[in-house]
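Chemist: One structure, as structure tokens, below. Some questions next.
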């Protein structure tokens, strides 16, 4: 009798475990969804189309807040893009994300126009023109005006909006995949292979998605991540879009859940990449989205503000600046443990008259544009590469935290 009770108990435990896991995972998804929704209230600068896209792809919604954000996109982001287009700037990535965000809200894209040199044309017309300019630049310089990540986003946005993508445009991306040109600096870019995979899957260039999938799978780490913690979300989205078997990304899904529970993904942009993936969706979802009978049950409970006091513990940070000529200068500063890299640089700037920097904003947060008077501009295909004790940082200056003594290297790098 006792053995029967034990067996029944073990069976009950075994059968309840998957249910418990499913409930825990659903709770995590809801928490991430709320974190992303709450980030709308804290947004500084331009509204983020990637955040909007993830909220709209999600299973649960707060339609009132999403509509408020949609209106901000149509005014603030639209005006910023209008200014960029009027100044003949290459903004294909942001145009593409704006297109995807509007499409995810089932907004009529034919009613969205920009006026440049007194000529009014639709958003999709401008996106197609920018893609043609990118394609022409690849033809004579073997690289886009921006980069292949933005180029892939452009292909994806046109395709999901029902626009036939010119074969010459998609063929340039196929060739870049074949010739392994999807790099950031000297390193192959997992994010770019992922976005290219989704784009080519959308235009149904059969066979090439297999090559993209193989690249992504070859980037798997022993801890389950594909590339790194911040490329895994887009990589899983791509594998889902390309129809890869669940076994190929099961470890990546678990790695993202572990990271999410440990608050690795506190940047809204990062959450906007992992939330669709954890819900087993991808950006291709917007192609067939109808916005009918949507679940409108997502409610934000009031939360008490958390005041983080500066740590009394100081850590020594060496900051090395390497200019484009290779000349190096090293500075030192003591910062409170837990400071962001941006806070550390601000402290160094206040301490040393020889060290200066300027920053610009992006969807991921601020990034360095000028250090010690020297620029690293996208137009020159240069950026400030950041590393800690020789290891490249996977987070931005506002997200990377200084927890121990280390050497930060800021190097003017070409790509």
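The values are calculated or read from the model by the stated rules, or taken from the named source; none is laboratory data. The structure presented is a predicted model; accordingly, all values stated were derived computationally and were not measured. Positions of Cβ are generated from backbone atoms using ideal geometry, with glycine treated the same way; all protein chains shown enter the neighbour counts.
Chemist: Somewhere in the range 374-396, is a residue in a strand (DSSP E or B) and in contact with a helix residue (DSSP H, G or I) (Cβ under 6 Å, 6 or more places away or on another chain)?
Modeler: Looking through the range 374-396, none of the residues is in a strand (DSSP E or B) and in contact with a helix residue (DSSP H, G or I) (Cβ under 6 Å, 6 or more places away or on another chain).
Chemist: Then there's this: May I ask you to verify whether residue 362 is assigned to a loop (DSSP other than H, G, I, E, B), in contact with a strand residue (DSSP E or B) (Cβ under 8 Å, 6 or more places away or on another chain), at pLDDT below 95 and closer than 30 Å to residue 138 by Cβ?
Modeler: Taking the combined requirement at face value, the residue does not satisfy it.
Chemist: When the residues of the range 404-415 are filtered to those that are in a loop (DSSP other than H, G, I, E, B) and modelled with pLDDT of 95 or more, which remaining residue is farthest from residue 270 (Cα to Cα)?
Modeler: Per the criteria, the residue is 405.
Chemist: Ok, one more. Mind checking whether some residue in the range 214-228 is part of a helix (DSSP H, G or I) and at pLDDT 95 or above?
Modeler: Looking through the range 214-228, none of the residues is part of a helix (DSSP H, G or I) and at pLDDT 95 or above.
Chemist: Which one of these does residue 371 not meet: (1) surrounded by fewer than 16 Cβ atoms within 10 Å (Cβ to Cβ); (2) more than 20 Å from the chain's Cα centre (by Cα)?
Modeler: (1)
Chemist: In the set 270, 251, 277, 255, which member is part of a helix (DSSP H, G or I), in contact with a strand residue (DSSP E or B) (Cβ under 9 Å, 6 or more places away or on another chain) and buried (at least 18 other Cβ atoms within 10 Å of the Cβ)?
Modeler: 255
Chemist: Restrict the check to the range 317-335 and report whether at least one residue is within 30 Å of residue 40 (Cβ to Cβ), in contact (Cβ under 8 Å) with a residue 40 or more places away in the chain, in contact with a strand residue (DSSP E or B) (Cβ under 6 Å, 6 or more places away or on another chain) and surrounded by 15 or more Cβ atoms within 10 Å (Cβ to Cβ).
Modeler: No - not one qualifying residue is present in the range 317-335.
Chemist: Still on this structure, please answer the following. Assess whether residue 344 counts as being touching a strand residue (DSSP E or B) at 6+ places or on another chain (Cβ under 7 Å), assigned to a helix (DSSP H, G or I) and touching a residue at least 60 places away in the same chain (Cβ under 8 Å).
Modeler: For residue 344, the condition - touching a strand residue (DSSP E or B) at 6+ places or on another chain (Cβ under 7 Å), assigned to a helix (DSSP H, G or I) and touching a residue at least 60 places away in the same chain (Cβ under 8 Å) - is met.
Chemist: Run down 45, 93 and say which single residue is in a helix (DSSP H, G or I), under 19 Å from the mean Cα position of the chain (by Cα) and either farther than 30 Å from residue 293 by Cβ or at pLDDT 95 or above (or both).
Modeler: Only one candidate qualifies: 93.
Chemist: I would also like to ask the following. More than 24 Å from residue 76 (Cβ to Cβ) and surrounded by fewer than 17 Cβ atoms within 10 Å (Cβ to Cβ), is that true of residue 132?
Modeler: Yes: the conditions hold for residue 132.
Chemist: Among the residues of the range 168-206, count how many are within 15 Å of residue 134 (Cβ to Cβ) and in a helix (DSSP H, G or I).
Modeler: Count: 13.
Chemist: Considering each of 307, 299 in turn, give the residue that is out of contact with any helix residue (DSSP H, G or I) (no Cβ under 8 Å at 6 or more places or on another chain) and without any contact (Cβ under 8 Å) to a residue 24 or more places away in the chain.
Modeler: After applying the criteria, what remains is 307.
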